[in-house]
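Below is one structure, written out as structure tokens; the observations come after it.
Read-outs throughout are calculated quantities, based only on the coordinates presented, and are distinct from any laboratory measurement. Bear in mind that the values here come from a model prediction, so they are computed numbers and not experimental data. Reconstructed Cβ throughout: ideal geometry from the backbone, glycine too, with neighbour counts over all protein chains shown.
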Amino acid sequence: MKKLYFLVVLFLPFLSLQAQVKLSSIFTDDMVLQAEKEIKVWGKAKPSATLFISLGKSTTTVKVDENGKWMAVLPAMKYGGPYQLKVEGDGVVILNNVMLGEVWFCAGQSNMRWFVRDSNNKEEEIANADYPNIRFFVSPLKGTHEPQDEIKNVKWEVCTPKSIQMKTAVGYFFGRELHKELKGVAIGLIDISYGGASITAFMDKETGEKSKQAEFIKTYTGNFLKAYNEKKAKWDENPEGKPPFYPENVMTAMSYNAMVHPLVPFQVRGAIWYQGETNAWHPERYIDMFGEYITMMRSVFQNPEMPYYFVQLAGFKGRKGAKRNLGRWGNFRLAQEECLKFENTGMATAFDVGQDYDIHPRNKQEVGRRLSLLALKNTYGKKKVIDKGPTLKSVGFKGDKVILTFDNVAKKLVLTSGENVKGFLYKIGNDYEEVEAKLIGKNKIEIPYKEGELYYAYENYFEPNLYNSVNLPATPFKAVISKPVK
């Protein structure tokens, strides 16, 4: 009997711990909650218990369901803090230094994950990264076959010279611009990017299975899996070095399951997206998949108007010695431009900041700045902000010349070097030829007339010289040139 009593006494603390209230892993000290939206807080506790939740002066109660899960909803709050977030039940959880501000997902592949310490002017950028109200939450690189509820061993971090070094550079420079232009409002940046990832990995299972490109996705991911299985079989026979990498950053839903699903339904203002290098071989299919992906994200996070601002791929020649591969990334950039048909999207052109033989351009400052212009104008209503470079408005004809008229020139079109505009190509039949293009007015360019397809910035990589007066590059385009029949 004494032994049984002793075991019960030992077991009681364990039962007590199991019953204590727990918050989901996204909720930690130093976090940023989205202002001006309902605040959803959730976690686990003893089934049927009643919990009391408070954030500043805002309070509510919630009853835990029979499975030990709970979710509370606090009313929207204005910018401010620091606050305490307190949850009381069988025990109490208190989070400190909680801010109400602007929260953004930073999504995509390696160019989004790229660290500040590996970007231009790293010493200066790191030394100056003292922003107590810019905070980061970084999902670890992981993929799982089933949706996860938690992300383990992660917490929000305040931006300091020490913490910034291995944080998303594009996200940081984007967030820093917002922080400055929004007069010091707290900025939360949630990094859900994964190097080398295909967009398929960020779709949930249902979206992948119901996609217009479902058969392609099945074949595409199947090829990666087949290659892995072949490598794994060889490694099993001779297990030297590291085992082959399972393509969790390509297989449908695996990155979503591990890195995104645990965050649902955390409220954010929007998302920035730098992805596409892995999918550049399939531009037309990408349009469908991108539209389906952002629709899914808006649905699962119950944020139907969530803005998605994405980066048009930077210039990249390929490996040194590679033959000219005209049109591969050119076609993908055109497909990305077509993605602007989806509501509440915007595109930051970046082909001019690329590096010839490096797929990871180091000038992440400019990429982040251009994304911030989209957010400032379209999300935060700063109408005077010019958020894009020159875009083709119309094609006209004058004798044996073609007159191209552009929008979004600010005050005027600007050539940053030379006398002629670089980057124009005619496609006549199967051949491409360079075009002599001249600037003839504040918003017009003149080229010789030829019947065929006209491309601008179609090369995988080149150094353009056509900008508007606020130093934003002209957007790549394709136009069919043919005089109207009289």
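For this structure, a couple of remarks:
- Förster radius 45 Å - calculated FRET efficiency between GLN165 and GLU463, Cβ distance, rounded to 0.05: 0.90
- Were the residues from ALA227 through MET71 laid out at 0.36 nm apart, the gain over their Cα-Cα distance would be 51.9 nm.
- Note on GLU248, GLU66: ascending count of other Cβ atoms within 10 Å places them as GLU66, GLU248, the fewest first.
- FRET efficiency, 1/(1 + (r/R0)^6) with R0 45 Å, evaluated for THR59 and ARG328 via beta carbons: 0.20
- Least to most buried among SER48, SER54 (fewest other Cβ within 10 Å first): SER48, SER54
- Here the 3J(HN,Hα) profile of the stretch 256-269, calculated from phi with Karplus coefficients 6.51, -1.76 and 1.60 at θ = phi - 60°, is 4, 4, 8, 10, 10, 3, x, 8, 5, x, 4, 8, 10, 7 Hz, Gly and Pro shown as x.
- Segment GLN84-SER417, extension gain: residue separation times 0.36 nm, minus the distance between their alpha carbons: 114.4 nm
- Mean projected area in nm² (Cα convex hull; one quarter of hull surface) for the stretch 110-173: 5.0 nm²
- Cα-based helix-to-principal-axis angle, 364-378 vs the chain, degrees rounded to 10: 80 degrees
- Between LYS218 and TYR380, the modelled labels are 4.6 nm apart [label points 7 Å from Cα along Cα→Cβ].
- Summarised in one figure, the compactness ratio Rg/Rh of the stretch 54-191, Cα atoms and Kirkwood Rh, is 1.01.
- Protection proxy ranking of 114-124, 133-143 - average other beta-carbon atoms within 10 Å, highest first: 133-143, 114-124
- Semi-axes of the equivalent ellipsoid for the stretch 212-306, computed as √(5λ) from the eigenvalues of its C-alpha gyration tensor and ordered from largest down, come to 31, 17, 11 Å.
- Angle between the chain longest axis and helix 214-237 axis [Cα atoms, degrees, rounded to 10]: 70 degrees
- The stretch 147-180: GluC sites (Glu not before Pro) falling in loop per DSSP and having at most 16 other Cβ within 10 Å: GLU150
- MRE, 222 nm, helices only [DSSP H, n ≥ 4, -39500 (n - 2.57), over the chain, to nearest 500]: -7500 deg cm²/dmol
- The slack between GLU146 and TYR357, meaning 0.36 nm per residue of separation minus the straight C-alpha distance, is 72.2 nm.
- Per-residue Cβ neighbour rank within 10 angstrom, fewest leading, SER394, SER193: SER394, SER193
- Per-pair calculated FRET efficiency, R0 = 30 Å: TRP281 and ILE428 via Cβ, rounded to 0.05: 0.75
- Axis of helix 2-19 versus longest Cα principal axis of the chain: the two differ by about 30°, to the nearest ten degrees.
- By DSSP, the beta bridges lying fully in the chain are antiparallel in about 70 percent of cases.
- Converting phi to 3J(HN,Hα) with the Karplus coefficients 6.51, -1.76 and 1.60 and the offset θ = phi - 60°, the stretch 30-37 yields 6, 6, 10, 9, 6, 6, 6, 9 Hz in sequence order, with x at every glycine or proline.
- All Cα pairs of the stretch 391-481, percent lying beyond 19 Å: 33 percent
- Hypothetical label at LYS320: residues of the stretch 350-365 whose amide nitrogen lies under 13 Å (7 Å Cα-Cβ projection): 356-358
- Those lysines that a straight Cα-Cα span of less than 18 Å connects to LYS162, excepting residues fewer than 8 apart in one chain: LYS122
- Calculated Rg and Dmax of the chain using C-alpha coordinates, Å: 25.8, 107
- For the set LYS438/LYS483; LYS40/LYS341; LYS341/LYS478, the pairs lying more than 22 angstrom apart at their alpha carbons are LYS40/LYS341.
- Relative contact order [Cα under 8 Å, 6+ residues apart], the chain, whole percent: 12 percent
- In this Cβ point-charge picture (+1 for Lys and Arg, -1 for Asp and Glu), the chain has a dipole of about 640 debye about its Cα centre.
- Relative to its Kirkwood radius, the Cα radius of gyration of the stretch 134-237 gives an Rg/Rh of 1.10.
- Mean separation of Cα contacts under 8 Å, 6 or more apart, over the residue count of the stretch 179-283: relative contact order %: 41 percent
- Here LYS377 is the anchor, and the aspartates and glutamates within straight C-alpha reach of less than 19 Å, apart from those fewer than 8 places off in the same chain, are GLU36, GLU102, GLU177, GLU181, GLU305, GLU337, GLU343, GLU366, ASP387, ASP407.
- Label sites at LYS234 and LYS450, each approximated as a point 7 angstrom past Cα along Cα to Cβ, lie 4.5 nm apart.
- Cα-projected label distance for LYS205 with VAL154, points at 7 Å along beta-carbon direction, nm: 2.1 nm
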